[in-house]
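Student: The structure under discussion is supplied below as structure tokens; questions concerning it will follow.
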Amino acid sequence: MSIRSWFAVATIATAVLVSGCGSSTTTTSSPKTSPGSSVAASTTAKTSTAPAAPLLNRRAGNGEVVQENGLVGSGILTIVNDNSADYAIVVTNGDPKNPQATIYVQGNSQATLNGIAGTYYVYLKSGVDWDQATLNFTRDRDFSKFDDPFDADSDWEIELKPSIGGNASTSDVPAF
């Protein structure tokens, strides 16, 4: 076999240039051959590194009713939040995804929800960075509910503070 029958071998060269602005350019040559000749094609790819976006810490106003589907009763619920975390308190007659109302209570604050109807359940959402569009916290989320129902014929006060020997038990629930 003669040397002429062999195809030319192309080489691959890669150069990486790094500039002071945090971006880089990569040039790559790939082999493209035909009998008796050698042709190289090149491609260029750019990448950049941007600083990470800052974490948000959005909050609703203390006592703001962030969701309401008809508060038409005479029941009153006062929430005393003795924690540093913010809470969204969901009052529902059944499914927490379909509440009578949701009230936002900032850490170390209190708020009152008026107009609750019927026997209802109280669900709790806590976390950091309240997203009003989704009605949820975006980080460090926790979901729970008071185990016993409340009656709208009475005025209730709940204190959000873990205590040994408290008179109301809660349970963890799936995210809602």
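Student: Any chance you could count how many residues in segment 148-176 are among the β-branched types (Val, Ile, Thr) and over 11 Å from Val122 (Cβ atoms)?
Tutor: Total meeting the criteria: 2.
Student: Which pairs do you get when a residue that is touching a residue at least 60 places away in the same chain (Cβ under 8 Å) and part of a loop (DSSP other than H, G, I, E, B), found in segment 64-89, comes within reach of a residue that is of a type outside the set (A, V, I, L, M) and surrounded by 15 or more Cβ atoms within 10 Å (Cβ to Cβ), reach meaning Cβ atoms under 6 angstrom, with the pair 6+ apart or on two chains?
Tutor: That search, which allows pairs on different chains as well, returns Gly73/Gly115; Asn83/Gly107.
Student: Can you tell me which residue within segment 144-169, out of those that are at pLDDT 95 or above and over 20 Å from Asn114 (Cα atoms), is farthest from the chain's Cα centre (by Cα)?
Tutor: Top of the filtered list is Asp147.
Student: When you go through (1) under 21 Å from Asp148 (Cβ atoms); (2) surrounded by fewer than 19 Cβ atoms within 10 Å (Cβ to Cβ) one by one for Pro99, which number turns out not to apply?
Tutor: With respect to (1) under 21 Å from Asp148 (Cβ atoms); (2) surrounded by fewer than 19 Cβ atoms within 10 Å (Cβ to Cβ), Pro99 is out only on (2).
Student: Taking the options Asp129, Asp172, name whichever one is at pLDDT 95 or above, among the charged types (D, E, K, R) and surrounded by fewer than 13 Cβ atoms within 10 Å (Cβ to Cβ).
Tutor: Answer to the selection: Asp172.
The values are calculated or read from the model by the stated rules, or taken from the named source; none is laboratory data. Please read all numbers here as calculations on a predicted model, not as lab measurements. For neighbour counting, all protein chains shown are included, and Cβ atoms are generated from backbone atoms with ideal geometry for every residue, glycine included.
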